Amino acid sequence: DAVVLFGIKIGRKPPDKEHHFGHARIETLASSIVGLALIGTAVYLGIEAALNIYRNTTYHPTEIALIGAGVSIAIKEALYRYTVFIGRRIKSQLLVANAWHHRSDALSSGAVLLGVTGALVNPAWRILDAYAALIVSFFIVKVGLDILGKTLREFTDTAPAPEIIEEIMKCSLSVEGVIDAHDLRVRTSGGFYQVEIHIVVDGQLTVVEGHRIAKTVERCLVEEMEELDRIIVHVDPVAEN
């Protein structure tokens, strides 16, 4: 949570003399730390569960453990849903990633609930706790890897999904006066898109008219794409035959 608070506070700062494109990548870096933390937690949980299975280590939980696990699941799942809701509302991938920290706790408590219930029903089933924890650890590793994958795509300036590219081109070509569009470049920073595109207009237009068309393209993209951070539109005259 401390990493998340730091990442959001610094990552949402506006551009300055040393960071011309803003600080959004700091939020991305914080997301990667959250992903690594989830993977580390899952690996530890998985190793402990595997060793308990190998050594046939069992515990003797009571009804108090059952109540504790149930309360933990309810609270942590509520925190997960609330954090995801806020993260999506403010367009923060970091906050959404951190929500999985709460869900991983809920899943771990679910493993405890299963193990404790099994032990109370039949003492011979006490090992169920370890098997459930092992399954949960694989799930949490997958979530952590997904988060790291997203941050890696941002750090390497990987283009977004084809449907995003198609949406940008469609919006640009729909503007009156745009003959063609090319050299589209899109990258993601802090969960938001940064777009650069060249539009082709009639070479006989004035500079003012060409600028007006470019601004219309910008407005179209801003209205169509909620995750848009910045857009640069270059105006090219139509090539002469």
For region 28-40, how many residues meet the condition of being hydroxyl-bearing (S, T, Y) and touching a Gly at 6+ places or on another chain (Cβ under 8 Å)? 2
Within region 124-142, considering residues that are β-branched (V, I, T) and part of a helix (DSSP H, G or I), the one most open to solvent (accessible area, probe 1.4 Å): I135
Within region 1-30, restricting attention to residues that are of a type outside the set (K, R) and touching a strand residue (DSSP E or B) at 6+ places or on another chain (Cβ under 8 Å), which residue is most open to solvent (accessible area, probe 1.4 Å)? F21
Residue match in region 203-210 (condition: assigned to a helix (DSSP H, G or I) and of a type in the set (S, T, N, Q)): no
Here is a list: I75, I33, I64. Which entry is surrounded by 13 or more Cβ atoms within 10 Å (Cβ to Cβ) and over 19 Å from L145 (Cβ atoms)? I75
Which of the residues that make up region 213-237 are touching a residue at least 24 places away in the same chain (Cβ under 8 Å), in a helix (DSSP H, G or I), more than 25 Å from L95 (Cβ to Cβ) and not aliphatic (A, V, I, L, M)? T216, C220
Residue count, region 148-172 (criterion: assigned to a helix (DSSP H, G or I) and open to solvent by 80 Å² or more (accessible area, probe 1.4 Å)): 8
Hey, any hits in region 86-105 for a residue that's over 19 Å from the mean Cα position of the chain (by Cα) and at pLDDT 85 or above? no
Being under 29 Å from the mean Cα position of the chain (by Cα), open to solvent by 60 Å² or more (accessible area, probe 1.4 Å) and without any contact (Cβ under 8 Å) to a residue 24 or more places away in the chain is the requirement here; does T206 meet it? no
Could you say which residue among R81, R25 is charged (D, E, K, R) and at pLDDT below 90? R25
Does R55 qualify as being closer than 30 Å to S189 by Cβ and either under 16 Å from the mean Cα position of the chain (by Cα) or not β-branched (V, I, T) (or both)? no
Conditions (1) touching a residue at least 60 places away in the same chain (Cβ under 8 Å); (2) closer than 18 Å to M225 by Cβ; (3) open to solvent by 20 Å² or more (accessible area, probe 1.4 Å): number failed by L145: (2)
Those residues that are of a type in the set (A, V, I, L, M) and not in a loop (DSSP other than H, G, I, E, B), I need them from region 173-183; list them, please. L173, A181
Looking only at region 78-96, count how many residues are surrounded by fewer than 19 Cβ atoms within 10 Å (Cβ to Cβ) and in a loop (DSSP other than H, G, I, E, B). 2
Do we find a residue being basic (K, R), open to solvent by 70 Å² or more (accessible area, probe 1.4 Å) and within 19 Å of the chain's Cα centre (by Cα) anywhere in region 183-195? no
Would you be able to say whether some residue in region 226-237 is farther than 22 Å from T28 by Cα and open to solvent by 70 Å² or more (accessible area, probe 1.4 Å)? yes
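The values are calculated or read from the model by the stated rules, or taken from the named source; none is laboratory data. Everything numeric in this text was worked out from a predicted model, so none of it was measured. Ideal geometry is used to build each Cβ from the backbone, glycine not excepted, and the neighbour counts take in all protein chains shown. Ligands, DNA and RNA are excluded from the accessible area calculation, which covers all protein heavy atoms including side chains. Shrake-Rupley method; radii C 1.70, N 1.55, O 1.52, S 1.80 Å.
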